[in-house]
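Q: The structure under discussion is supplied below as structure tokens; questions concerning it will follow.
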Amino acid sequence: MRYIEADGLRVSRIGLGTWQFGSREWGYGEQYAAETAPELLRRAIELGITMIDTAEAYGPARSEAIIGDELGGLTDGQRAGVTVATKLLPIAPTERVVAWQCAGSRRRLRMDALDLYYIHRPNPFVSPRRVGQAVRPLLRDGLVRRFGVSNHSVAQWQAFERGLHARAIANQVRFSLVSPGPASDLVPYAAEHQRLIVAYSPIGQGLLAGRPLASLPLARRARFRGSPAEGSLQALTRLQQAVAEIATGHGATPAQVALAWVVSHPNTIAIPGARNVRQLELNAAAADLELSEEELARLAALAAALGQ
Ligand SMILES: NC(=O)c1ccc[n+]([C@@H]2O[C@H](COP(=O)([O-])OP(=O)(O)OC[C@H]3O[C@@H](n4cnc5c(N)ncnc54)[C@H](OP(=O)(O)O)[C@@H]3O)[C@@H](O)[C@H]2O)c1
């Protein structure tokens, strides 16, 4: 495993996303929630993964509870260095409501203080600065160690920090070869200001593992939902072919190449979800896969050809 540090927070380049844990959207079933999910957490920690990503919205609340049940049983020594990140949905971001939401996450995760607490997405009716003001007491009272934001632009990220009167160490955004936008603005900003970009859906929810678009459930087709233009479907096929070709050259899988491309960016980590332990192991190994400058550039050009 390889690690990255920003503003004193050291995390693995590849983390584990847990939206899949107990959530209906992914449809992985009860056995996955009861057996596979705890197994994934144990194996992730063995592999040196130190970023576990969840949210109160996943399950809803079930993902946090599964993580709390598993990691609540670990000794401090075993848990040392592992950041469990969760997210607050700012539906009614007043001091009272966010304190109640935070208490719920802490109880389910069995943590006195949350390691990293993201604002899941901007509230369209409340400015990020006001949201920052509402959550500030959680930091002051030691209930949250660090804040982050998610799905925020650079300007929204900065506004949140102005309200918080502290850094929001990370911005978690959709970032992959099928959603390369953050490479041009958020990544350079994070690199310059000692912050982290945490890439979600880094395998394009399976699209970059080589699965044909038609084989994916509608909800998992990223930007190719609805009726995508013929040109962008051809560009996707060309991208998938290049990912597969580069993977073969490295004795790797397409999903590993997709992850290696994401984490080749400065100050950037990826948090893929996994259906089983084998996928998790392959994803963790992608932290050590080095693509050449030519391969990275070829992939970036094909990603850009998809259009925004
Ligand atoms: N902040 C936000 O708004 C937000 C939004 C979305 C996600 N997230 C977070 O980001 C995490 C990851 O994103 P995501 O789950 O949407 O997408 P993803 O990580 O791109 O895709 C995960 C899916 O890809 C497939 N996969 C994983 N590893 C693979 C491998 N090695 N080989 C082949 N297929 C593989 C699996 O699906 P199949 O095997 O079923 O194909 C898996 O469930 C989530 O769990 C969540 O924690 C955050």
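Values in this text are rule-based calculations from the coordinates and carry no lab data. Treat the numbers as computed from the prediction; the structure is a model and nothing was measured. So basically every Cβ, Gly included, is an ideal-geometry build from the backbone, and we count neighbours across all protein chains shown.
Q: Give me the mean projected area, in nm² to one decimal, of the convex hull enclosing the Cα positions of the stretch 3-74.
A: Answer in nm², one decimal: 5.1.
Q: Between residue 121 and residue 290, what is the FRET efficiency for a Förster distance of 35 Å, r being their Cβ-Cβ separation, to the nearest 0.05?
A: With a Förster radius of 35 Å, E is 0.55.
Q: I'd like the antiparallel share, as a percent to the nearest 5, of DSSP beta bridges with both residues in the stretch 1-97.
A: Just about 45 percent of them are antiparallel.
Q: Let me ask something additional. Between residue 166 and residue 31, 0.36 nm times their residue separation minus their Cα-Cα distance comes to what?
A: My answer for the length gained is 44.5 nm.
Q: Cα convex hull of the chain: how many Å³ per residue?
A: 124
Q: Starting from the Cα-Cα distance between residue 80 and residue 2, subtract it from 0.36 nm times their residue separation and give me the gain in nm to one decimal.
A: The span from residue 80 to residue 2 would gain 26.4 nm if fully extended.
Q: Gaussian network model of the chain, Cα springs within a sub-10 Å range: biggest mean-square fluctuation belongs to which of 298, 140, 238?
A: Residue with maximal mean-square fluctuation among 298, 140, 238: 140.
Q: If you stretched the chain out fully between residue 297 and residue 215, how much longer would it get, using 0.36 nm times the residue separation minus the C-alpha to C-alpha distance?
A: That works out to 26.7 nm of additional length.
Q: Counting other C-beta atoms within 10 Å, which of 184, 264 has the fewest, and how do the rest follow?
A: 184, 264
Q: Helix-only mean residue ellipticity at 222 nm, the chain, DSSP H runs n ≥ 4 weighted -39,500 (n - 2.57), per residue, nearest 500. What is it?
A: -12000 deg cm²/dmol
Q: Where a ≥ b ≥ c are the square roots of the eigenvalues of the C-alpha gyration tensor, would you call the stretch 1-158 rounded, which needs a/c under 1.5, or, failing that, prolate if a/b is larger than b/c, or oblate?
A: prolate
Q: Just to be sure I follow the definition: excluding the sites themselves, where is the longest run in the chain that has none of the GluC sites (Glu not before Pro) in a DSSP loop with at most 13 other Cβ atoms within 10 Å?
A: With a cap of 13 other Cβ atoms within 10 Å, the longest stretch comes to 26-289.
Q: Also: Can you sort 51, 1, 111 so the residue with the fewest Cβ neighbours within 10 Å comes first?
A: By the 10 Å Cβ count, ascending: 1, 111, 51.
Q: Find, among the trypsin sites (Lys or Arg not before Pro) in the stretch 1-83, those assigned to loop by DSSP (not H, G, I, E, B) with at most 15 other beta-carbon atoms within 10 angstrom.
A: When the trypsin sites (Lys or Arg not before Pro) of the stretch 1-83 are filtered for loop state and at most 15 Cβ neighbours within 10 Å, 2, 24 remain.
Q: How large is ³J(HN,Hα) for each residue in the stretch 96-108, as worked out from phi by the Karplus curve 6.51 cos²θ - 1.76 cosθ + 1.60 (θ = phi - 60°), to whole Hz, x for Gly and Pro?
A: Result, rounded to whole Hz: 5, 5, 5, 5, 5, 5, 5, 4, x, 5, 5, 5, 5.
Q: Over the chain, what is the percentage of antiparallel beta bridges among all DSSP beta bridges, to the nearest 5?
A: Just about 15 percent of them are antiparallel.
Q: To two decimal places, what compactness ratio does the stretch 154-264 give when its Cα radius of gyration is scaled by 2.2 N^0.38 Å?
A: 1.23
Q: Let me ask something else. Using the crude model of +1 on Lys and Arg Cβ and -1 on Asp and Glu Cβ, and no other charge, please compute the dipole size for the chain relative to its Cα centre, in debye to 20.
A: About 920 debye.
Q: While we're looking at this one, here's another question. Considering the options 181, 150, 137, tell which one lies farthest towards the positive end of the dipole of the stretch 127-209, charges being +1 on Lys and Arg and -1 on Asp and Glu at the Cβ, about the Cα centre.
A: My answer, from the dipole projection, is 137.
Q: If you don't mind, there's one more thing I want to ask. How big is the equivalent ellipsoid of the stretch 207-308 along its three axes, where each semi-axis is √(5λ) from the Cα gyration tensor, reported in whole Å from largest to smallest?
A: Taking √(5λ) for each eigenvalue gives 22, 17, 12 Å, largest first.
Q: At what distance in nm do the modelled label points of residue 155 and residue 91 sit from each other, each positioned 7 Å from its Cα along Cα→Cβ?
A: According to this spin-label approximation, the distance is 2.9 nm.
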